[in-house]
Each structure stands twice: as structure tokens, then as C-alpha cells.
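The values are calculated or read from the model by the stated rules, or taken from the named source; none is laboratory data. Here the structure is a predicted model, which means the values were calculated and not measured. With ideal geometry, Cβ positions are generated from the backbone for all residues, glycine too; neighbour counts draw on all protein chains shown. Calculation scope for accessible area: heavy atoms of the full protein, side chains included, ligands and nucleic acids excluded. Shrake-Rupley method; radii C 1.70, N 1.55, O 1.52, S 1.80 Å.
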Amino acid sequence: MTDNNCIFCKIAGGEIPSATVYEDSDFRVILDLGPASRGHALILPKEHFKDLCELDESVAAKVLPLAGKVGAAMKEVLGCSGFNVVQNNGETAGQTVFHFHVHIIPRYEGGPAMVTWTPGNADSTELAEISDSLKEAMKS
Ligand code: AMP
Ligand code: ZN
């Protein structure tokens, strides 16, 4: 299923042109128009899923292998020494386009810090409470 009002559906389907680096029957991989670093790519499923929670499992199973393939190609030809795989779900997590996608961000020696956070402190009581409630929710 695609969504007529979704820009990534249109890009993934080839209706809107993009700098495509890979395409198969399930995915199109394009270069991000607002790159975090040189070569920043996006994996777009051709089918419309709002986010990871809605993603079809058969599509999901193909995403990480494809991300690895894109990252390996980046290391080979772009000269990056690593890459981040980032996937945002929901506005608070920074999702701006509500069609599931995965960012592959090449990382270069001496490049700026990104995809980083300040570690907090874990309280053992709180960890136990959280793990108990999540464990329960994961059963359903
Ligand atoms: P997110 O914030 O995870 O939803 O990521 C959306 C990404 O899509 C951002 O990095 C944007 O720069 C990128 N983006 C938005 N529109 C386009 C477009 N038409 N072509 C390529 N990248 C886009
Ligand atoms: Zn879409």
C-alpha cells in the first residue's frame, strides 16, 4: 500500500526523482537532501509504513542486511571509516517524515560529533520497575 499524500511513497515509487543509489522490488535507497555528512543515505521501503511499529516483518527482516550493504559500499568508495544507522520513530524522536526510513550516515575521521548523548545514572529500583513493566507489555 502507498499513501498519495506521502513524499517518500512518491520518491520510493520513482514518481519524484531522487539520487538513487540502490533499488529492488522492496526498497529504494536515496541520498538525503539535508545530509548530516557526505553521502548520507536513506533506505525507503516502497510500501507505506508510518514507523517501525507498523513495519511489516518480512520487510523489516531485509532492512538491516541492506543497511550493512550500503554502509560497506560507503566505506569502499566514500572514504568514511564508519557509519551510523539511525531510525527515528515519532516527533519527539526527531521523525519528520512519517514513512518508515533508515538513515545511513557515513562517519569520517575528524568529523563532527553526532548521534551522541550524555549518559545518565541508572537507579536499580527504577531499572527493576521499568524492566518489569516492559516485560509485561512485551507479552501482548
Ligand atoms: P527523519 O527526521 O528521521 O524523519 O528524516 C527525514 C529525512 O528526510 C531528513 O534527513 C531530511 O533531510 C530528508 N528528506 C526530506 N525530504 C527529502 C527529499 N525530498 N529527498 C531526500 N531527502 C529528504
Ligand atoms: Zn509513504
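Annotations
- Yes/no for His40 being under 14 Å from the mean Cα position of the chain (by Cα), open to solvent by less than 50 Å² (accessible area, probe 1.4 Å), at pLDDT 95 or above and away from ligand 2 (no atom under 16 Å from the Cβ): yes
- Long-range neighbours under 6 Å by Cβ, at least six apart or interchain, first residue in contact (Cβ under 8 Å) with a residue 40 or more places away in the chain within region 14-40, second open to solvent by 60 Å² or more (accessible area, probe 1.4 Å) and not charged (D, E, K, R): Val29/Val21; Val29/Tyr22
- When residues in region 78-107 are screened for being more than 18 Å from Val21 (Cβ to Cβ) and more than 18 Å from the chain's Cα centre (by Cα), 1 of them pass.
- Test set (1) open to solvent by 50 Å² or more (accessible area, probe 1.4 Å); (2) in contact with a Leu (Cβ under 6 Å, 6 or more places away or on another chain) - Pro106 fails condition number: (1)
- The residues of region 1-42 that are more than 20 Å from Ala113 (Cα to Cα), more than 8 Å from ligand 1 (Cβ to nearest atom) and in a strand (DSSP E or B), listed by number, are Thr20, Val21, Tyr22, Glu23, Phe27, Arg28, Val29.
- Candidate set from region 111-134 (those that are within 12 Å of Ser37 (Cα to Cα) and among the small types (Gly, Ala, Ser)); member that is surrounded by the fewest Cβ atoms within 10 Å (Cβ to Cβ): Ala113
- Options Thr118, Thr92, Thr96, Thr125; residue that is outside any strand (DSSP E or B) and closer than 22 Å to Asp3 by Cα: Thr96
- Answer residue from region 43-63, given it is of a type outside the set (Lys, Arg), open to solvent by 20 Å² or more (accessible area, probe 1.4 Å) and not in a loop (DSSP other than H, G, I, E, B) and is nearest to Asn89 (Cα to Cα) among those: Leu52
- Members of region 79-99 found to be surrounded by fewer than 16 Cβ atoms within 10 Å (Cβ to Cβ) and in contact (Cβ under 8 Å) with a residue 40 or more places away in the chain, listed by number: Val97
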